[in-house]
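Visitor: Here you go, one structure.
The values are calculated or read from the model by the stated rules, or taken from the named source; none is laboratory data. Given the structure is predicted, the values throughout are model-derived calculations rather than measurements. Note that each Cβ is placed from the backbone with ideal geometry, even for glycine, and that neighbours are counted across all protein chains shown. Note: areas computed on protein heavy atoms with side chains; ligands, DNA, RNA excluded. Shrake-Rupley method; radii C 1.70, N 1.55, O 1.52, S 1.80 Å.
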Amino acid sequence: IACRVIKTARALGYRTVAYRTVANCLAALVAAVAGALYAVWLRYTGPDTTLSFAIMLDILLMVVIGGMGTLYGAVVGAALFILAQNYLQALMKQGSDALVAVPLLANLLHPDRWLLWLGVLFVLSVYFFPTGIVGKLRNLKRS
């Protein structure tokens with residue numbers, strides 16, 4: 001679709017190279033400002049704060065859950081992943097406390113096992129939404 005849009009804009013007389021250059025420069029500026037603010041917030045920068053395996057894995061999970069190839073997919077995936085990271089332990093603690101009478105379920109829902117359940121949720125999302133959540137919604141919209 002993007003190639004068709006560029007060809008159409010070029011056929012209408014727009015200088016697409018100039019617009020694409022300006023768009024890339026603005027994207028680089030926003031990324032640089034975001035990186036600078038992140039460094040100021042952390043008060044330290046280094047390979048372990050930006051290139052660690054855990055951070056790359058989190059980014060991959062966000063993109064796969066939301067849907068690859070779309071901006072909305074990355075935003076939806078990041079929102080869901082951060083919500084799951086922040087609130088899954090609290091929900092599991094409430095579930096574990098409620099199921100104290102059933103020892104096996106209480107142990108399965110222990111808050112220390114939140115990473116296991118996050119992995120299960122990821123596998124289920126990949127199984128039921130192979131194109132991500134946004135991709136699944138786009139497919140539903142088309143049909």
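Visitor: Can you tell me which residue is nearest to residue 64 (Cα to Cα) among those in the stretch 91-102 that are among the hydrophobic types (A, V, I, L, M, F, W, C), open to solvent by less than 70 Å² (accessible area, probe 1.4 Å) and touching a helix residue (DSSP H, G or I) at 6+ places or on another chain (Cβ under 8 Å)?
Guide: Taking the stretch 91-102 and keeping what is among the hydrophobic types (A, V, I, L, M, F, W, C), we get 91-92, 98-102.
Filter once more, so that each one left must be open to solvent by less than 70 Å² (accessible area, probe 1.4 Å): 92, 99, 102.
Checking which are touching a helix residue (DSSP H, G or I) at 6+ places or on another chain (Cβ under 8 Å) leaves us with 92, 99.
Values: 92: 24, 99: 33 Å.
Looking at residues that are among the hydrophobic types (A, V, I, L, M, F, W, C), open to solvent by less than 70 Å² (accessible area, probe 1.4 Å) and touching a helix residue (DSSP H, G or I) at 6+ places or on another chain (Cβ under 8 Å), I get 92.
Visitor: Now for a separate question. Only residues that are under 26 Å from the mean Cα position of the chain (by Cα), at pLDDT below 85 and open to solvent by 100 Å² or more (accessible area, probe 1.4 Å): list them for the stretch 6-57, please.
Guide: Within the stretch 6-57, 44, 51 meet the criteria.
Visitor: Could you pull out every one of the helices (runs of 4 or more DSSP H) wholly within the stretch 32-123 that has 3 or more residues that are hydrophobic (A, V, I, L, M, F, W, C) and touching a residue at least 60 places away in the same chain (Cβ under 8 Å)?
Guide: Fully inside the stretch 32-123 and qualifying: 53-66.
Visitor: What number of residues in the stretch 58-70 are farther than 17 Å from residue 124 by Cα and either modelled with pLDDT of 85 or more or within 10 Å of the chain's Cα centre (by Cα) (or both)?
Guide: Of the residues in the stretch 58-70, 1 are farther than 17 Å from residue 124 by Cα and either modelled with pLDDT of 85 or more or within 10 Å of the chain's Cα centre (by Cα) (or both).
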